[in-house]
Structure formats: structure tokens, C-alpha cells
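The values are calculated or read from the model by the stated rules, or taken from the named source; none is laboratory data. Note that the structure is predicted; figures quoted are calculated from it, not measured. Reconstructed Cβ throughout: ideal geometry from the backbone, glycine too, with neighbour counts over all protein chains shown. Note: areas computed on protein heavy atoms with side chains; ligands, DNA, RNA excluded. Shrake-Rupley method; radii C 1.70, N 1.55, O 1.52, S 1.80 Å.
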Amino acid sequence: MSTKNNNSALTTLVTVFFFWGFIAASNGVFIPFCKTYFNIDQFQSQLVDFAFYGAYYFGALFLFVVSSTVKKDILNSWGYKNGIVYGLLISALGALLMYPLIDGAKQGDSSVFYLVLLALFIVGLGFSLQQTAANPFAIALGEPETGSQRLNLAGGVNSFGATIGPTVIALIIFGSTPLSGDDLNQMILNNEIKLTTIQFLYIGVGALFLAAAALFHFSKKLPNTKTEEVFEPANKAKNILIALTVVIIVCFGLIFNTYADGAVATEAIENKRLYLLLIALIAVILSVFFANTRATKSPEGWGAMKYPQLVLGMLAIFTYVGVEVTIQSNLGELLKFVADKVNNLNPLGLKVMNDAEIAPFISLYWGGMMIGRWVGAITVFNPSKGLKKWLLIIVPYVAFGVILLVNFGKYSSTEILLFGVCVAIQIGGFFLAKDNPITTLKIFSTLGVIGVVIGIFASGQLALYALLSGGLFCSIMWPCIFTLSISGLGKYTSQGSAFLIMMILGGAIIPPLQGKLADIFSIQSSYWIAVACFIYLLFYAYKTKSVLQRQGITFDKKDEA
């Protein structure tokens, strides 16, 4: 396939990445709204993430189990292009179902909340199939060494959708008229601001999914890429994943049961919920390390899991998605929680914000993701070394300008300056990393740890912007982890991709766990779980380098910045 055709195909492919970002980031505004609208606790509000990101796991797992049962790679038999089309159709179904499921919804009607989760779960199922196909597809459209740059380009489009998503959702739900926190909450309680306002949004989103499916189906520029290798079932991997699924279902089922009983949230019940969440988390970690240990001794039956870079990468994707999502999903509660009733201050010592006022900061967080991914995509265009140096400085601030334009007038000059400093730190990280995915992970994981720790111990805008910088530091981790994890997998690439997509499960488990920690302890201290995630990613960066080197795979080519 020629370079020109590759570029045309990549242009078509990245359209689906926009949808993923728009819907996922919108949850950051939707979650605190749901908490107020349905009168639920912080853990329950995080079930929006559980439904959405949990669907990625269940969708990818179902595809893998069916493939193993029939001894044929279902996705590969369809081709990546068709896989994306089918995924778009499933997401369209979920989006269109949102209209009848929430029709006539009223404030406090918690039964409708679970119908909303059902619709989001179906949307997520479609996204699961799309991502399983789209990520290796993007890597296949060129040399493997530049695969992470193509994913960064697609990720930049994804993050643009994520940047405008919170603003659009806030405008649709709350309107453009400025309201105080008390006024907004009273309007929600009086059912003057209704959940049903998002019905037409999801009709529009569903229509766009259908249009995108048609674009992919009829596009002649987009090849229906497949791998030519013979599929080998991985029954041992299948069994460990099924066992993990049972544990997760049982744990969350027992948690849901404590809410269904309508029991008062005593300390004993809250602790029980926390222990069950921790069991689910530990089950994921133990399953991954058990698979790694067993496959190392006897690789037969483990399929792609016999590659340690893939198994370690699964847990890296789990923690990466978990930390990326949990920072912003719980940010709304952090900003609106009343820690000082006399002065109306939140735990950071800032003025308590209402649901509408939170949206620009959620947009800024996801905008940080966009900045990093736009920078990471620079290499795709093969600039000269001199030009690249300038682009590494100019592109981040151009992207920052886009964020400011999307949220025009929403930030003070001090806030713009603070985030501008965070962007400068990120630029320094890119110069030091020099396009090496392993070095990039080391640098940005370290910066992530520092940022969240400052957010926990500091106060005021320093703490807020330290947490918001998490978006900047997470921005280029996905393509780095994905590229490293499937390196050297050969015929197991498609299967390995499915395993990685399953581990988006981190976005379903870690935010609810942080939500329950916030319910029991405090919202600010609950961010220690984000620190733990960044620490594992730092460990992964060091560990995967030695693993790949033993297989003769290196990423030492340095395009000097």
C-alpha cells in the first residue's frame, strides 16, 4: 500500500477516535450531574464509568471466548474494517436506545439511572469492538516503529472530541445562563433541569455512528486488513479470564445488593463495599501475574499471554485507563464538595463549584490529553530535525489555544498561566524522551506521581492544576503501552489487541473504588489510588525494556529532537 493511500486510510480511520473521546469525556460532567439528579453516593455515580468501560472488557472477552470456542479468530475473519463497521452499528443502537429509556425521567428516579447505565453499556460494547480493530489497524498502516506516532495522531483527534465533549454536554444540560450552586441544585431538585434534555443529543450521536459506519463500509481507501497467520486457541487464557469475570460479577453483584436492600449506609456496610471492590482489584492483578508465571513455565494453551510484554502490558493498560479516568471522574465531586460551610470552600480551599461550573475544568483535563497527543503525532509528518524542535514548542500552545477557544472566557489569567507552566513541563518531557516509548513512559509516569502527590497535599489552584496536569502526562501513554505490548506477537497480534482492550476494565473498577474511598475517608485522600497507578506504570516501563531486549526487540532509534 502506498504512502498516499496509507495517509488516506488513516484519515478515514481516525474519525471513530473522535467519537470515543467525545462520549468518554462527557461522563466527567454527566457523573456529578447524576449524583445530584438521582440522589446517589459517590460510588454509585462512578457506575457510569463501570458501565461504559466495563463494556469494553465484556465485549472483548466475548469476542475472544467465541473465537477460542470455534478455533477461529472472528475479528480477523471479518477484517479490521468490517469489525469497525459492526462496532459502530452496536454503538448506534445504544445511543438510540437512550431516547426511549429515559423518556419522562424525573429527579430522584433511581430506576432510570440503571437504564442509562444499560444504554451506555451498549455504546461501550460497540466501542470495544471498534478499538479492538482500530488500534492494530492504525499500527498496520505503516512501519511498526512508527506505530505509536500513528496512534498519537488518532489519539489527538480522540482528545479533540474529549475537549469539546464536556462543554457541549454542560451547555445541553444546564444551558448558557450562569447560575449559582444553590440555584442550579434547586432547579435540578424541582425537575426544571431534566435528564431528558440529552435525548436529542444521543439521537444525533446515533445518527453520526450510522453515518460513520456507512463511510467505512463504502470507503475504497480503507483496506479490509487481516493477518494471514493461523489462529491458535488459548484455552488456559480463556479459563483464567472467565474465572476473573466471575469474581468481578460476584463482587459487584454483592455491592449492588447492599444498595437494593435500601439499608442505611452504616460503617459496616460501607467497609463491606470497600472490601469487595478491593477483592475485584486484587483478582485482576493476581490473574495477570498468575498467567505470566504459568505461561513462562509452559506456554502451550496461553496464546498471546505467553509473551510477558503482553501480560505486563495488560496490567499497564488497566492502570493507565484507570488513572486517566478516575482523576477526572472524581474531580467533579472534589470541586463541588463543601468542606468549609462557613466560607463555602471545597477540600482544595477553592470556592465550591456547581455542576455547570465544573465542565471547563473537565474540558481542560481532556484538553491536556489532546495537547500531548498532538505533539506525539508530529513525527507522522516527517519534519526535519530543526522544524521538529520548533513544532515541539509551538504545537502544544496551539492546542492550548484551541482549548481556550472552546471554553472562551471560562478561565482567569492566573489559571491560564498555571496550565501554561504545566504544558511547558510536558514539553520538557518530550524533549527528554526523544520519541522512545519506554523513556516516554518513564518520564511521564514520574511526572504523574509528582502531580497527584502535590494535588493531595497542596491546596488552592496549585493543587487543582497539579491534578489537571494528569491529563498532560497521561496523554501519550496509551500508544506507547499498546505498541510495546504487541511488539513481537506476530500471529497473536489480533488476540493480544483483544486482551489489551479487555483491560480498559481499569476504567470500570478504579473510579468506583476511588469513589468508595471518598465515601469512607475523604475525596482528596482518595487520590492515592491514582498515585499507585502511576507507580505501576513506572515499574512497567523499566520491566518491559528488559523483557523486549531478551527477545531482541529494541526501541533505541532516536529521532533527535
Which residue, of 147, 126, 142, is modelled with pLDDT of 70 or more and either under 19 Å from the mean Cα position of the chain (by Cα) or not charged (D, E, K, R) (or both)?
-> 126
Check on residue 341, farther than 23 Å from residue 163 by Cβ and touching a helix residue (DSSP H, G or I) at 6+ places or on another chain (Cβ under 9 Å) | no
Can you tell me which residue among 535, 520, 510 is farther than 20 Å from residue 292 by Cα and open to solvent by 20 Å² or more (accessible area, probe 1.4 Å)?
-> 520
In the stretch 472-493, is there at least one residue being crowded, with 21+ Cβ neighbours inside 10 Å, more than 30 Å from residue 57 (Cβ to Cβ) and of a type outside the set (Ser, Thr, Tyr)?
-> no
Assigned to a helix (DSSP H, G or I), closer than 29 Å to residue 374 by Cβ, β-branched (Val, Ile, Thr) and over 19 Å from the mean Cα position of the chain (by Cα): does that describe residue 65?
-> no
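Rundown of residues vs (1) closer than 30 Å to residue 521 by Cα; (2) modelled with pLDDT of 80 or more, yes/no style:
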{"position": "11", "(1), (2)": "no, no"}
{"position": "15", "(1), (2)": "no, no"}
{"position": "21", "(1), (2)": "no, yes"}
{"position": "29", "(1), (2)": "yes, yes"}
{"position": "43", "(1), (2)": "yes, yes"}
{"position": "49", "(1), (2)": "yes, yes"}
{"position": "52", "(1), (2)": "yes, yes"}
{"position": "66", "(1), (2)": "no, yes"}
{"position": "75", "(1), (2)": "no, no"}
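Listed here are the residues, each with its yes/no results for (1) closer than 18 Å to residue 164 by Cβ; (2) modelled with pLDDT of 90 or more; (3) crowded, with 19+ Cβ neighbours inside 10 Å.
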position: 367; (1), (2), (3): yes, yes, yes
position: 382; (1), (2), (3): no, no, no
position: 389; (1), (2), (3): no, yes, no
position: 394; (1), (2), (3): no, yes, no
position: 397; (1), (2), (3): no, yes, no
Counted residues, the stretch 74-104 - those being more than 10 Å from residue 213 (Cβ to Cβ) and small (Gly, Ala, Ser) | 6
Log entry, pairs with first residue in the stretch 158-184 being farther than 15 Å from residue 32 by Cα and open to solvent by less than 10 Å² (accessible area, probe 1.4 Å), second being modelled with pLDDT of 85 or more and not in a helix (DSSP H, G or I), beta carbons closer than 9 Å, six or more apart or on different chains, reads 159/475; 163/407
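Take the stretch 273-331 and flag every residue that is part of a loop (DSSP other than H, G, I, E, B) and of a type in the set (A, V, I, L, M, F, W, C).
302
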Determine, yes or no, whether residue 97 is part of a helix (DSSP H, G or I), touching a helix residue (DSSP H, G or I) at 6+ places or on another chain (Cβ under 7 Å) and either surrounded by fewer than 22 Cβ atoms within 10 Å (Cβ to Cβ) or at pLDDT 90 or above (or both).
-> yes
Do we have any residue at all in the stretch 110-121 that's in a loop (DSSP other than H, G, I, E, B) and among the hydrophobic types (A, V, I, L, M, F, W, C)?
-> no
From 418, 464, 468, which residue is open to solvent by 20 Å² or more (accessible area, probe 1.4 Å), closer than 19 Å to residue 331 by Cα and either modelled with pLDDT of 95 or more or among the β-branched types (Val, Ile, Thr) (or both)?
-> 418
Conditions (1) touching a helix residue (DSSP H, G or I) at 6+ places or on another chain (Cβ under 6 Å); (2) more than 23 Å from residue 519 (Cα to Cα): number failed by residue 296 | (1)
In the set 425, 450, 403, 454, the lone residue that is open to solvent by less than 50 Å² (accessible area, probe 1.4 Å) and not small (Gly, Ala, Ser) is 403
Checking 333, 324 in turn, the sole residue that is in contact with a Lys or Arg (Cβ under 8 Å, 6 or more places away or on another chain), within 19 Å of residue 50 (Cβ to Cβ) and either open to solvent by 10 Å² or more (accessible area, probe 1.4 Å) or among the acidic types (Asp, Glu) (or both) turns out to be 333
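Among the listed residues 431, 408, identify the single one that is part of a loop (DSSP other than H, G, I, E, B), surrounded by fewer than 20 Cβ atoms within 10 Å (Cβ to Cβ) and over 23 Å from the mean Cα position of the chain (by Cα).
408
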Return yes or no: is residue 438 over 17 Å from residue 160 (Cα atoms), modelled with pLDDT of 90 or more, open to solvent by 30 Å² or more (accessible area, probe 1.4 Å) and assigned to a helix (DSSP H, G or I)?
-> no
Output for the stretch 237-250, where each listed residue is open to solvent by 10 Å² or more (accessible area, probe 1.4 Å) and either of a type in the set (Val, Ile, Thr) or farther than 15 Å from residue 305 by Cα (or both) = 240, 242, 243, 245, 246, 247, 249, 250
